[in-house]
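Data first, discussion second: the structure below is written as C-alpha cells.
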Amino acid sequence: MFIKAQNSFQNMTRYVAFLRGINVGGHNIIKKETLQNAFTSLGFTDVSTYKQSGNVIFETDLKDPEAIRKTIQEKLNQLVGGEIAVFVRTVAQLGELVKSNPFENQDTEGTSFLITFMSNKQTNFTLPTNIPKSTAEIIHLKAFEAYSVTRGHGDGGKPNPFIESTFKTQATTRNLNTIKEIFQAYNKGNK
C-alpha cells in the first residue's frame with residue numbers, strides 16, 4: 001500500500017518507527033538499504049536508521065500516526081513474510097518523553113532506564129511492579145508507554161516480555177539513552 005504524500009516540505013513531520021522483531025536471532029532479516037527503500041516506497045522522505053535497523057526515522061506530511069503505523073506494518077510483514085510490530089512516535093513526542101523524566105528520583109548507579117512502547121493503552125496497574133526473577137521493575141505508566149528500571153544482571157530484556165504477557169499487548173523496548181540520542185540527532189526545528 002502506497003500512502004500518497006503531498007511532499008509540501010513546510011508541513012512535514014519527522015517520525016520514528018520503532019520496530020520489534022527484525023534482525024534478531026537470525027529471524028526477519030532486513031538489510032538497512034532494503035528497509036530504507038521500503039519506507040521510501042511508501043512515500044516517506046529523509047529516511048534513515050539509527051544504531052540498529054529497528055529505529056527508522058522519516059518525514060511525511062501525513063498526520064495520522066495510526067494510519068502510518070498500519071501502512072508500515074503491512075509493508076514490512078510482506079517483506080519478511082511474518083509479523084513485525086511497529087510503533088510510531090513523532091520526534092517531538094520523544095522530546096516530551098525525555099523532558100517528563102519519570103526516572104529523576106531513581107538511583108543511577110548500575111541502573112538502566114527503559115521505555116517500552118505498547119500497542120494498547122494502559123492506565124490501571126499498581127506501581128511500582130517488580131518483574132519476577134529479576135531486579136527490573138516498572139515504575140511508571142503513561143498511556144502507551146511503560147517506564148522500567150533495571151539494575152544489572154542482564155535484566156534489560158526482562159520488561160518487554162513481562163509487559164506483553166501482563167498487558168496483552170505488543171511492545172518494544174528502548175534504553176532511555178537511545179531515545180535521547182534519537183531526539184537530539186533528529187530534532188531539527190522541533191518537527
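Throughout, read-outs are computed from the coordinates displayed, never taken from laboratory work. Small disclaimer: the values here were computed from a predicted structure and weren't measured. Quick reminder, even Gly has a Cβ in these numbers, built from the backbone with ideal geometry, and neighbours come from all protein chains shown.
So the values come out like this:
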read-out	value
Efficiency of FRET between Ala185 and Thr123 - r from beta-carbon atoms, R0 30 angstrom, step 0.05	0.45
Unit charges on C-beta of K, R, D, E only; dipole of region 94-186, Debye	260 debye
Lysines with Cα under 19 Å of Lys31, excluding same-chain neighbours fewer than 8 positions away	Lys51, Lys75
Length released on extending from His153 to Lys51, taking residue separation times 0.36 nm less the Cα-Cα span	34.4 nm
Acute angle (nearest 10 degrees) that the helix 65-80 long axis makes with the longest principal axis of the chain, alpha-carbon atoms	80 degrees
Charge dipole (debye, nearest 20) of the chain; +1 at Cβ of Lys and Arg, -1 at Cβ of Asp and Glu	240 debye
Stretch gain in nm, segment Ala92-Ile29, where the contour uses 0.36 nm per residue and the Cα spacing is subtracted	19.7 nm
Reachable lysines, given that their alpha-carbon falls under 20 Å from the alpha-carbon of Lys70 and they are not under 8 places away in the same chain	Lys4, Lys121, Lys168
For the chain, radius of gyration divided by Kirkwood radius, i.e. Rg to Rh on alpha-carbons	0.97
Spatially proximal aspartates and glutamates relative to Lys99 (Cα-Cα < 16 Å; intrachain offsets below 8 disregarded)	Glu145, Glu181
Local net charge near Phe18, Cβ-Cβ under 9 Å (Lys/Arg +1, Asp/Glu -1)	+3
Estimated [θ] at 222 nm from DSSP helical runs (n ≥ 4, -39500 (n - 2.57)) normalised by residues in the chain, nearest 500	-9000 deg cm²/dmol
Amide H contacts of Ile30 (H built 1.01 Å from N, under 5 Å, at least 5 apart or other chain)	Asn23
Dipole magnitude of region 9-91 about its Cα centre (Cβ charges: Lys, Arg +1; Asp, Glu -1), debye to nearest 20	220 debye
